[in-house]
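Below: one structure, written as structure tokens.
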Amino acid sequence: MAAASLYLPFLPLLAKQILLNNFLSDIPALALASDNVDPDQLRRPRHWDIHSVRRFMISFGLVSSVFDFATFAFLILVVHATSDVFQTAWFVESLLTELAIVLVVRTHKRLWGSSPSRLLAALALGTGAIAFAIPFAPFASWFGFVPLPGPVLAGLLAITALYVFVSEVTKTWLFDHGSRGKHRRMAMSTHERHTTGKSARLSG
């Protein structure tokens, strides 16, 4: 939004729209404690790997930014959205992608290969339905929203679907790369311990 505001003659999202977006996107998070965990993730204790966390943040941050700019380009260059339509569409798209990424990163498997808990699935789907319904609600104008035309909604759905696909590809690459990197670090650590122990014996 900061980058978009440099080129737009209006705010990409109003303050109350941002607060509503944050509130709605937090609703599915209430069910994370009840979520199902894949059996292969429970076979042995796991430790935080700061290298994996850093790669995760950078990779998904870049993916999210790219799709934000894709939405920006679609709304301005393709549909020539007015300020009200732009803010409404970006609100819907950002909320949909926030809901989608929760379901993508909750598992090492494909999104469709691991079932979330019923509560998490219900809250995510319900919040997504609310995202589409709010622009058409009687109180929508108070938030600065307007009903979205069919082509805009279709474009947002296409962007969200592509976002899910790219996120799945990114997740697979991250987990595969992280596993190989972890094995390399473990091998190097073992080699260093062996070398250190051998040097100590020789010195003794």
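The values are calculated or read from the model by the stated rules, or taken from the named source; none is laboratory data. None of these values were measured; they are calculated from a predicted model. Counting neighbours? That spans all protein chains shown, and the Cβs are built from the backbone with ideal geometry, glycine included. For accessibility, only protein heavy atoms count, side chains too; no ligands or nucleic acids. Shrake-Rupley method; radii C 1.70, N 1.55, O 1.52, S 1.80 Å.
Probe radius 1.4 Å, ligands and nucleic acids left out: which of T107, T172, T82 has the largest accessible area, and how do the rest follow?
Solvent-accessible surface, decreasing: T82, T172, T107.
Using a Gaussian network model on the chain with a 10 Å cutoff between Cα atoms, which of L19, L99, L156 fluctuates the most?
Looking only at L19, L99, L156, the biggest GNM fluctuation is shown by L19.
With labels modelled as points extended 7 Å from the Cα through the Cβ direction, what inter-label distance (nm, one decimal) is found for A129 paired with I76?
Once both label points are built, they end up 3.6 nm from each other.
Using each residue's phi in the range 55-69, evaluate 6.51 cos²θ - 1.76 cosθ + 1.60 at θ = phi - 60° and report the 3J(HN,Hα) Karplus result to the nearest Hz, with x for Gly and Pro.
4, 4, 4, 5, 5, 6, x, 5, 4, 4, 5, 4, 6, 4, 5
Is it possible to state the helix-based mean residue ellipticity at 222 nm for the chain, with each DSSP H run of 4+ residues giving -39500 (n - 2.57), the sum divided by total residues, to the nearest 500 deg cm²/dmol? What is it?
-23000 deg cm²/dmol
L62 to S5: extension gain in nm, 0.36 nm per residue of separation minus the Cα-Cα distance?
18.7 nm
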